[in-house]
1. Looking at segment 118-131, is at least one residue touching an Asp or Glu at 6+ places or on another chain (Cβ under 6 Å), among the aliphatic types (A, V, I, L, M) and surrounded by 24 or more Cβ atoms within 10 Å (Cβ to Cβ)?
2. For the condition under 17 Å from the mean Cα position of the chain (by Cα), open to solvent by 50 Å² or more (accessible area, probe 1.4 Å) and of a type outside the set (Gly, Ala, Ser), what is the one hit in Arg344, Arg356?
3. Those residues that are within 25 Å of Leu163 (Cβ to Cβ) and in a strand (DSSP E or B), I need them from segment 176-192; list them, please.
4. Does segment 1-37 hold any residues that are at pLDDT 95 or above, β-branched (Val, Ile, Thr) and farther than 15 Å from Asp376 by Cβ, and which are they?
5. Give me the pairs: first residue in segment 303-326 and over 30 Å from Leu351 (Cβ atoms), second residue β-branched (Val, Ile, Thr) and open to solvent by 20 Å² or more (accessible area, probe 1.4 Å), beta-carbon distance under 6 Å, and six or more apart or on different chains, which are they?
6. Under 7 Å between Cβ atoms, at least 6 apart or on separate chains: pull out the pairs that start in segment 38-56 with a residue that is over 18 Å from Gly367 (Cα atoms) and of a type outside the set (Val, Ile, Thr) and end on any residue that is assigned to a loop (DSSP other than H, G, I, E, B) and open to solvent by 10 Å² or more (accessible area, probe 1.4 Å).
7. Please specify each residue of segment 17-32 satisfying the condition of being outside any strand (DSSP E or B) and either open to solvent by less than 30 Å² (accessible area, probe 1.4 Å) or free of Cβ contacts under 8 Å to residues at least 40 places away in the same chain (or both).
8. Check Ile58 against each of (1) at pLDDT below 95; (2) not in a helix (DSSP H, G or I) and name the one condition it does not meet.
Amino acid sequence: MKIEIRNGRVIDPAHGIDRMTSLFIAAGKVAALGTPPPGWHANRTIDARGLVICPGLIDIAARLREPGFEYKATLESEMQAAIAGGVTSLACPPDTDPPLDEPGLVEMLKHRARQLNQARVYPVGALTVQLAGTTLTEMGELAEAGCIAFSHADRPLVDTQLLLRAMQYAATFGHRVWLRPQDPHLGKGGVAHDGEVATRLGLTAIPGAAETIAIATILALARETGSRVHLCRLSTAEGVAMVRAAKQEGLPVTCDVGVHHLHLCDVDIGWFDAHANLTPPLRGTRDRAALRAGVADGTIDIVCSDHTPVDDDGKQLPFAEAEPGATGLELLLPLTLKWAAEERVGLPAALAKITRAPAALLGIEGGSLAVGRSADVCIFDPAAHWKVEPSALKSQGKNTPFLGLEVPGRVRYTLVEGIVVAGDSAPPTKA
């Protein structure tokens with residue numbers, strides 16, 4: 001199949017491209033940009049007038065809920081959500097049931113994803129067996145099976161000595177460790193930010209120090225071991241400042257933020273809206289402002305969806321008892337565009353946070369429209385607005401605090417390896 005995408009605004013942050021031109025795809029690869037290859041004859045032409053053509057989005061935190069939590073979502077439903085949102089590659093955390101702590105489980109997940117022939121899936125391996133925090137996994141075997149990094153997801157890792165050994169091992173073999181910074185004792189049992197809202201509503205609070213103490217520990221161990229560390233889901237102004245200082249020091253540290261935290265704060269809990277029960281909790285307005293600025297100035301490398309589909313039974317409970325998390329795969333692009341417009345950040349710089357930067361973290365060749373690269377492409381209308389409603393979401397999880405909000409950016413086509421998987425003439429969903 002040879003595809004010509006005409007008349008669109010091609011944005012490739014990885015190569016500084018931002019111009020009106022055409023993209024030519026052949027044999028699943030980018031064949032040319034601007035001028036067609038010799039003897040070019042397209043089997044299909046897509047008119048992208050008024051649309052943006054960019055690399056397929058890459059999400060580094062998408063829970064697919066398989067294996068073990070199929071009642072919340074299935075691999076089929078969440079892969080449909082991914083391509084509907086323009087996401088062509090995603091990393092999934094290891095907190096499945098059982099956790100991704102054995103090569104067989106990793107290989108099974110990758111095989112299931114390949115069968116669907118939609119978005120690419122990159123598993124993140126468990127740092128400890130069963131995520132129990134007592135015994136390190138066989139990282140080498142998990143890496144051979146396809147794990148791109150190692151994490152403890154949202155489970156607390158109490159044993160600092162074990163974390164030190166994990167980072168030493170990872171540094172020796174070049175593996176990257178992903179850690180969500182939260183002190184297990186200060187954060188225990190908490191469901192909301194330690195502020196006026198939690199006090200008024202009588203909710204058990206998690207102080208900002210729970211994050212900063214954990215960051216201080218992780219950075220100290222990074223200095224000791226030389227391990228490449230990625231900090232997941234920053235939520236506090238102080239945390240952003242600490243990472244900024246660590247980068248200036250030259251530590252090999254990167255970080256991300258969940259896209260929900262760029263727009264919401266603890267006030268959005270309202271009167272116990274369980275959709276706003278997230279991990280980490282929504283912080284204060286000062287923290288939100290620092291996160292938004294941190295993404296703009298490059299301190300925060302990546303914006304992710306932190307996609308966590310939850311069934312109705314898990315959300316239709318009192319706030320403190322509800323399961324935390326929000327669906328986000330289909331909102332990653334719109335909410336990033338909304339942040340960029342509000343902060344007056346250019347479109348190429350905004351798209352870099354969800355294409356080029358996550359590709360670099362994962363160590364994959366995605367996030368680029370360079371000639372010869374796999375043709376993973378997102379085509380979207382930046383001027384089209386749509387309302388976030390359950391019926392508009394492909395994800396099985398309809399849990400989002402943005403229900404009813406009108407957001408910018410509608411994906412018109414998604415291509416994976418030169419195949420149109422979402423949009424007009426996309427193949428039917430595989431069961």
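1. yes
2. Arg356
3. Scanning segment 176-192 gives Val177, Trp178, Leu179.
4. Within segment 1-37, Ile17, Thr21 qualify.
5. Qualifying pairs under 6 Å: Ala320/Val191.
6. Between residues of segment 38-56 that are over 18 Å from Gly367 (Cα atoms) and of a type outside the set (Val, Ile, Thr) and residues that are assigned to a loop (DSSP other than H, G, I, E, B) and open to solvent by 10 Å² or more (accessible area, probe 1.4 Å), the close pairs are Asn43/Met1; Arg44/Met1.
7. The answer is Gly28, and nothing else.
8. (1)
The values are calculated or read from the model by the stated rules, or taken from the named source; none is laboratory data. What you see is a predicted model; the values in this text were computed from it and never measured. When we count neighbours, we look across all protein chains shown, and the Cβ atoms used for this are built from the backbone with ideal geometry, even at glycine. The accessibility values were calculated without ligands, DNA or RNA, using every heavy atom of the protein model including side chains. Shrake-Rupley method; radii C 1.70, N 1.55, O 1.52, S 1.80 Å.
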